[in-house]
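No value in this document is a laboratory result; all are computed from the given coordinates. In this text the structure is predicted, and so the values were computed from the model without any measurement. Here the Cβ positions follow ideal geometry from the backbone for every residue, glycine too, while neighbour counts run over all protein chains shown.
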Amino acid sequence: MINDRNDSGNGTGDADSRTRVQFWFRAPKIWEDFLEKKAAKEYCSKSDLLRHAFRLVYGKELEEFRINPGPRNMSDGDCPLPNSKNLTETVLTSTPILYDFQADPWVESMAAFVANKSSTQTQRVYRLVLKQFFTFITKHPSGVKQSDIIRYRHYLEHLDRAPSTIRQHLATISGYYSFCITRDLTLHNPVKGVNRPLVGAYNNATWLSKMRARILLTQPDRNTVKGKRDYAILVTLLLTGLRRSELTNIKRGDIQIRGERIYLTYTSKGGMKLVRDIPKRCWDVIEEYLNASGREVTEDSPLFTPTTNAGERLRHYYGKNGRNGQTSLTSEAIRQMVSCYSRRAFGEKFKVTPHTLRHTAGTLLRKSGRSIEDVQSFLKHRRIDTTRRYLHVVEADDSEFGECIARMLDL
């Protein structure tokens, strides 16, 4: 039973308030039911939903805290390892060291190094990694030593970061210092000689059997616009092997019908423009969705747009703020959508991502008897070694490959 006394002057009133809040969050089953239903609607987990709800309420205060978190209790140049793996990662909320951008060639080189990358996604990741590293190390770039890099690697290991993530961080930092060497700012790369964790490429990659792929495709309700859209996305990922980042940027004008062939122009990983033909079955389900959407579709209209009525700021984060059909689904929204249908079809333990569907496309194609060179062409891998590592077991005709997968799935 909750004590409703309103004591003042001795702090017990605040304690009672906290008790009431904890009780409200803990006790009613309706809260769990609401979270589960809302999370399914928003294509996210319950923890994602709570985290973004927190940001909606306290976002402004959080931003102010990131700018001015208060004094840091540590000696000069010292940034000790955390005592617990469950702590809040203060690196991301600490104040970065501020330098004079105009006068400091190291900082200007950092901006140039990031801007030199052709992919906006790569730029975003590099910017985040460098900010996190220099916030952690609390040193000017010119003063970083090899021991600092090793200390940062231990920090990432202490946070249970995946080996691939640690390698990415070290590679980014190394790339920055190599860039500085070309600008005659230094003769030494402090990352050189630092051991990097071994990563087996695609060792943990999963793919769907024909039966599981068919089950996944039955999950969207094709009597609704959203179901038609989601089904079209799943079919497109399975029959073309596209990455989700490639799918999100496709516009209606990027698909052209020329005689009996249907061609898709898209921007691939690395920013390269590619043209490929796609199977007719893929275009049929896309056209069915576009006709059912009821929106005015022009050459510049995004192919897949939001359809839900979530709160405006949450819609904006997940890419569901349609803006009259002129805003594309984000890459994150597609990931959450695939994950939602995966949980519905196979439960929590068997996880399916958009990349799982790309992996499935390549694996099914290989199992159909196609050569590894055909699979490389279909997935647009630059190196055949990547394709070999990618598989479990264009000169070529991409649409024929997609039709082959469609036949295997009885589509």
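Each residue in M408, M211 was given a count of other beta-carbon atoms within 10 angstrom of its own, and listing them fewest first yields M211, M408. The ranking of I278, I405 by Cβ neighbour count inside 10 Å, starting from the fewest, reads I278, I405. Sorted ascending by nearby beta carbons within 10 Å, beginning with the fewest, M337, M272 become M272, M337. Each peptide among 366-376, 291-301, 240-250 gets the average number of other Cβ atoms lying within 10 Å of its residues, and from highest to lowest they stand as 240-250, 366-376, 291-301.
Around the Cα centre of region 101-251, unit charges on the Cβ atoms of Lys, Arg, Asp and Glu (plus for the first two, minus for the last two) sum to a dipole of about 620 debye.
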